[in-house]
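J.: Below: one structure in structure tokens.
Where a number appears in this text, it was derived from the coordinates with a stated rule and is not lab data. Only a predicted model underlies this, so the values are computations on that prediction, with no experimental measurement involved. Note that each Cβ is placed from the backbone with ideal geometry, even for glycine, and that neighbours are counted across all protein chains shown.
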Amino acid sequence: MLIGGTGTDAIRGDGGDDVVKLSVGAAGDAANMESADGGLGTDTLEITVMTDDLADPAVVDALVDLSSFILANADAASDVGPLAAFDVLGLEVRDFEDIDITVIDSETGEEVPGFITPEIVLDTAPANGDEDTAIGLAITAFVTNAPPCLM
Ligand SMILES: [Ca+2]
Ligand SMILES: [Ca+2]
């Protein structure tokens, strides 16, 4: 298990299955990104976020985008997957296959279960092609239970 502490870290997983833990707000910022790279294997990014942070819709949007990005690009066999930066989170990530978001109540310090557990639906369209040409796969990922309003 790898834990990114306060300040800007570069976290690099290896060929195995890694779990990387990060906290929203303890990472970097847009000018100084925290970098997390799962590497080969089935890697999980564990994000901890406070309810105070979720009061900012931009943070919620970024977490949904991050979840969608990870699920859409999950490939345990690739060490050179696409890199995506999330300015609001101060975080750039690549080569993760799963994401786990933990929400902590800013008042009580206790976990809020099921507050923003993304349920990602992967929809793979049928692909047709012959073996001599690249076969295009249409894969769409979307989050089905994003909170409708956190204002
Ligand atoms: Ca790995
Ligand atoms: Ca990986």
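J.: Sort 102-113, 74-85 by the packing proxy (mean of other Cβ within 10 Å over each peptide's residues), most packed first. Let's see the in-between values first.
T.: Values: 102-113: 12.9, 74-85: 14.5.
So the order, starting with the most tightly packed, is 74-85, 102-113.
J.: What distance in nm separates the two pseudo spin-label positions at SER78 and THR42, each 7 Å out from Cα along the beta-carbon direction?
T.: 1.8 nm
J.: Given H placed 1.01 Å from N in the peptide plane, which residues other than close sequence neighbours of ILE104 have an amide H under 5 Å from its amide H?
T.: Close amide H contacts, sequence-distant or interchain: VAL49, MET50, THR51, VAL112.
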